[in-house]
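The values are calculated or read from the model by the stated rules, or taken from the named source; none is laboratory data. Note that the structure is a prediction, hence the values are computed from the model and not measured. Note that we place each Cβ from the backbone using ideal geometry, even for glycine, and neighbour counts take in every protein chain shown.
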Amino acid sequence: MIDRIAVGSFPRKHHIAHRDAAGTLRWEECLTRDGFDGPYTILYHERRPHEHRVAEAHHGFAVPEAALPAPHLAKRHYKSLELKRSGGAPIDVRTPLLFNDDVVVGLVRPTAADPVYFSNGDADDLFFVLRGGGLLRTVLGDLRFEEDDYVYVPKGLLHRFLPDSSKEQVWLSIEAPGGIHLPRQWRNEAGQLRMDAPYCHRDFRRPEFVGPLDEGLRELVVKRGNVFHGFTVPDSPLDVVGWDGTVYPFAFPILDFQARAGLVHLPPDWHGTFATRGALICSFVPRMVDFHPEAIPCPYPHSAVDCDEILFYCRGNFTSRRGVGPGSISFHPAGLPHGPHPGAYEASIGHRETSELAVMLDTTRPLRETAAARSVEDPGYQESFR
């Protein structure tokens, strides 16, 4: 939802007849948010877009199981790259790790393309590509994504992923039932990104319109209420001849985030990149650090008593932590002060830049862990702060 796009063939007004050169009527589909009060996109199909025959669902990823018994309150570290791999398509290999009513955070390590079209009727999806790349194919067009990209897929949008077969794929996944948007502090009254925002409209890659396409696939899977429902369709659903609107997928390279520096250490809000109900998603990128002559660049110990914090480490030198590496996920729950490892606070004085690359989430509801997360937990992390 960055700005309006209009591509292909569409009529001069909403909800009026649109015909091709032979006089055949096109079918209008409205993809709307907040009922009919929010942002929307209108698509024009060659055929009726709502012909679905109920079928068995043969695909779907794991969803968070019933809450495990609450563990002892502690700082935790999960080595996500040690998760057992089964291989398969993105729709089948998403593994949830931490969750609450607002977000489900997991890992995706696909080895094949989605063999069906998928529509998440529960939530917006945001992925961060730690390794890999590929193509997101949707009814609105194709979107290329690469390593270090965020990839956003709106709720209810028919799509499938085609990962590059020549690359190892590791994606962080964030499922957000409350929808994902750009933080309001970066937008002006018209919704445009402010000139002092840490990114601009030009940084976001939109889908390239392809037009009608038949891949020979007739199976559709819809997720609703954490259940996967199967359908078949009589023809290719990729039959859109044109569309306009503000609801569409996009990719954003994390390295295009323009980090701020101040005289002294700035709070995480300045790194806010995406927001959702109950959570802020932040990007920590290589940057200059605080420039007061007596500044302590390392994050100060803090008690954010209203937020749980998780950090997904990508690469670089993490000045405040030791024992973490690419794919590490630290989890610092509210109620306990957290901060740098011993020696890091003092050693940061005099540093002028940092090379860290990481994705952070602050959540207002407590996060719960899954059995998969527990299976890759570093048992010595809490004691490492002594």
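Observations on the structure shown:
- Residue that is farthest from the chain's Cα centre (by Cα) [pool: residues in segment 274-292 that are part of a loop (DSSP other than H, G, I, E, B) and at pLDDT below 95]: HIS292
- When residues of segment 45-73 are limited to those that are surrounded by 13 or more Cβ atoms within 10 Å (Cβ to Cβ) and among the aliphatic types (A, V, I, L, M), the one farthest from ALA275 (Cα to Cα): ALA55
- Residue within segment 222-235 that is basic (Lys, Arg) and assigned by TED's automatic domain parsing to the domain that holds GLY179 present: yes
- Among the residues of segment 147-177, those that are at pLDDT below 95 and farther than 24 Å from SER328 by Cβ comprise SER165, SER166.
- Some residue of segment 81-88 being closer than 17 Å to VAL221 by Cβ, outside any loop (DSSP other than H, G, I, E, B) and not basic (Lys, Arg): no
- Taken across segment 83-100, residues that are at pLDDT below 95 and small (Gly, Ala, Ser) do occur, with at least one present.
- Residue within segment 263-270 that is touching a strand residue (DSSP E or B) at 6+ places or on another chain (Cβ under 7 Å) and either farther than 21 Å from PHE128 by Cβ or assigned to a strand (DSSP E or B) (or both) present: no
- For segment 107-148, a residue qualifies if it is more than 15 Å from the chain's Cα centre (by Cα), more than 22 Å from PRO253 (Cα to Cα), part of a strand (DSSP E or B) and not hydroxyl-bearing (Ser, Thr, Tyr), and exactly one does: PHE118.
- Number of the condition not met by ILE42 [criteria: (1) touching a His at 6+ places or on another chain (Cβ under 8 Å); (2) of a type in the set (Val, Ile, Thr); (3) surrounded by fewer than 11 Cβ atoms within 10 Å (Cβ to Cβ)]: (3)
- Positions within segment 206-232 being surrounded by fewer than 18 Cβ atoms within 10 Å (Cβ to Cβ), in a strand (DSSP E or B) and of a type in the set (D, E, K, R), in sequence order: GLU208, GLU219, ARG224
- Qualifying residue in segment 18-34 (condition: part of a loop (DSSP other than H, G, I, E, B), loosely packed, with under 12 Cβ neighbours inside 10 Å, under 30 Å from the mean Cα position of the chain (by Cα) and not assigned by TED's automatic domain parsing to the domain that holds ARG206): yes
- Residue match in segment 326-345 (condition: under 23 Å from PRO183 (Cα atoms) and free of Cβ contacts under 8 Å to residues at least 40 places away in the same chain): yes
- Complete set of residues in segment 249-281 that are closer than 19 Å to SER355 by Cα and aromatic (Phe, Trp, Tyr): PHE257, TRP270
- Figure legend. Inter-residue proximity from segment 6-17: first residues on the phi < 0 side of the Ramachandran plot, second residues aliphatic (A, V, I, L, M) and part of a loop (DSSP other than H, G, I, E, B), beta-carbon distance below 9 Å, spacing 6+ or different chains. Indicated pairs: VAL7/LEU140; PRO11/ALA17.
- Within segment 293-330, if we keep just the residues that are within 26 Å of the chain's Cα centre (by Cα) and acidic (Asp, Glu), the residue that is nearest to PHE257 (Cα to Cα) turns out to be GLU309.
- Qualifying residue in segment 66-82 (condition: under 27 Å from the mean Cα position of the chain (by Cα) and within 18 Å of LYS155 (Cα to Cα)): no
- Identity of the residue in segment 96-106, touching a strand residue (DSSP E or B) at 6+ places or on another chain (Cβ under 8 Å) and part of a loop (DSSP other than H, G, I, E, B), that ends up surrounded by the fewest Cβ atoms within 10 Å (Cβ to Cβ): ASN100
- Residue that is farthest from the chain's Cα centre (by Cα), among those in segment 233-273 that are within 15 Å of PRO299 (Cα to Cα) and charged (D, E, K, R): ARG260
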